[in-house]
1. Is it the case, given these coordinates, that residue 100 is in a helix (DSSP H, G or I) and modelled with pLDDT under 90?
2. Might you check whether a residue that is out of contact with any strand residue (DSSP E or B) (no Cβ under 6 Å at 6 or more places or on another chain), buried (at least 17 other Cβ atoms within 10 Å of the Cβ) and modelled with pLDDT of 75 or more occurs anywhere in segment 200-214?
3. Residue 34 versus (1) at pLDDT below 90; (2) in a loop (DSSP other than H, G, I, E, B); (3) over 30 Å from residue 183 (Cα atoms): which is the lone unmet condition?
4. If you go through segment 38-52, how many residues are buried (at least 19 other Cβ atoms within 10 Å of the Cβ) and modelled with pLDDT under 90?
5. For residues in segment 51-69 being out of contact with any helix residue (DSSP H, G or I) (no Cβ under 9 Å at 6 or more places or on another chain) and part of a helix (DSSP H, G or I), which is farthest from residue 171 (Cα to Cα)?
6. Looking at the structure I just gave you, is residue 179 in contact with a helix residue (DSSP H, G or I) (Cβ under 7 Å, 6 or more places away or on another chain) and modelled with pLDDT of 85 or more?
7. Residues of segment 215-258 being modelled with pLDDT under 70, closer than 30 Å to residue 36 by Cα and not in a helix (DSSP H, G or I), which ones?
8. Criterion first (under 28 Å from residue 90 (Cβ atoms) and crowded, with 17+ Cβ neighbours inside 10 Å) does residue 28 satisfy it?
C-alpha cells in the first residue's frame with residue numbers, strides 16, 4: 001500500500017468500478033492454490049473482501065458500476081463455483097469424519113455396558129477398587145461424550161445452508177470443534193483400551209507390559225494426529241489468525257483519508 005493508496009480508495013475507473021468491485025473479483029488460480037481446500041479458499045476470499053470493505057468509503061458498498069452491479073453482487077457472481085466446491089469439500093470431510101466418530105461411539109458404549117472383569121453377585125464390577133478401573137470409567141465416558149458431540153458438529157455441517165457468509169466463521173468453527181472432539185474421543189478410547197487390557201491380562205503388573213500397552217495405544221493416536229492435525233492447524237490459523245491488514249496500517253489509512 002503505497003503513498004497513492006488514498007487515490008485507489010476514493011475514485012472509480014472508467015467502468016464505474018471502485019476498490020470494492022475489484023476486491024469482489026475471484027483471485028487468480030495461482031493465489032488460490034496456496035490455500036488448501038475450497039472451503040478455506042472461500043474463507044480467505046471473504047476475509048479479503050471484508051478487510052477492503054473496512055478501509056473503503058462507506059458509500060462504496062452501495063455504488064453500482066456500468067453493469068448496474070454493487071460490489072456484493074460482483075462478489076456473489078464471481079464466487080458461485082467456489083461456493084459449490086467449498087460446500088462439496090465440507091460435506092465430504094464431515095461425512096468421512098462422522099462415519100469414524102459413529103464407530104467410536106458404538107465401541108465405547110459397548111465397553112461401558114460390558115465392564116472388564118465382569119460383576120459380582122451384588123452387581124458391582126469386580127475391579128471397582130482398582131485405580132485402572134477408575135481410569136477406564138473416566139476415559140470411556142470422555143470418549144463417548146466427545147464422540148457424540150463430534151457427531152452433532154459434523155451433522156450441523158451436513159445440514160448447513162451454505163450461504164457465502166457461512167464460510168467466514170460458522171462452518172470453519174464447526175469443523176474445528178468436530179475435529180477436536182474426534183481427536184479427543186480417539187485418545188480417550190485408546191486410554192480405555194489400555195486400562196482394560198491392564199486390568200484383565202496383567203496380573204503381575206509388570207512395568208514392561210505397561211510401557212508396551214502405552215506405546216501401542218499411542219500409535220493410532222499419533223497416526224491420526226499426523227494425518228488430521230495439519231488440516232486442524234490450517235483451520236485455526238485461517239479462522240483465528242491475524243487479519244490480512246494489520247490494524248495499525250488501517251488506523252493510519254483512515255487518518256490519511258480524513
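1. On the way: in a helix (DSSP H, G or I): yes; modelled with pLDDT under 90: no.
It is false that residue 100 is in a helix (DSSP H, G or I) and modelled with pLDDT under 90.
2. Taking segment 200-214 and keeping what is out of contact with any strand residue (DSSP E or B) (no Cβ under 6 Å at 6 or more places or on another chain), we get 200-214.
Checking the rest, the ones that are also buried (at least 17 other Cβ atoms within 10 Å of the Cβ) come to 213.
The next check asks that each one be modelled with pLDDT of 75 or more; those that pass are none.
The answer is no, given that none of the residues of segment 200-214 is out of contact with any strand residue (DSSP E or B) (no Cβ under 6 Å at 6 or more places or on another chain), buried (at least 17 other Cβ atoms within 10 Å of the Cβ) and modelled with pLDDT of 75 or more.
3. Among (1) at pLDDT below 90; (2) in a loop (DSSP other than H, G, I, E, B); (3) over 30 Å from residue 183 (Cα atoms), residue 34 violates only (3).
4. Counting residues in segment 38-52 that are buried (at least 19 other Cβ atoms within 10 Å of the Cβ) and modelled with pLDDT under 90 gives 1.
5. Residue satisfying both the conditions and the ranking: 59.
6. Working: in contact with a helix residue (DSSP H, G or I) (Cβ under 7 Å, 6 or more places away or on another chain): yes; modelled with pLDDT of 85 or more: yes.
Taking the combined requirement at face value, the residue satisfies it.
7. To start, the set of residues in segment 215-258 that are modelled with pLDDT under 70 comprises 245-258.
Among the residues that remain, those that are also closer than 30 Å to residue 36 by Cα are: 245-250.
If the condition is that a residue be modelled with pLDDT under 70, closer than 30 Å to residue 36 by Cα and not in a helix (DSSP H, G or I), then 245, 246 are the ones that fit.
8. Details: under 28 Å from residue 90 (Cβ atoms): yes; crowded, with 17+ Cβ neighbours inside 10 Å: no.
Considered against the rule, which asks whether it is under 28 Å from residue 90 (Cβ atoms) and crowded, with 17+ Cβ neighbours inside 10 Å, residue 28 comes out as no.
The values are calculated or read from the model by the stated rules, or taken from the named source; none is laboratory data. It should be emphasised that the depicted structure is a prediction, and the values quoted were computed from it without experimental measurement. Note that we place each Cβ from the backbone using ideal geometry, even for glycine, and neighbour counts take in every protein chain shown.
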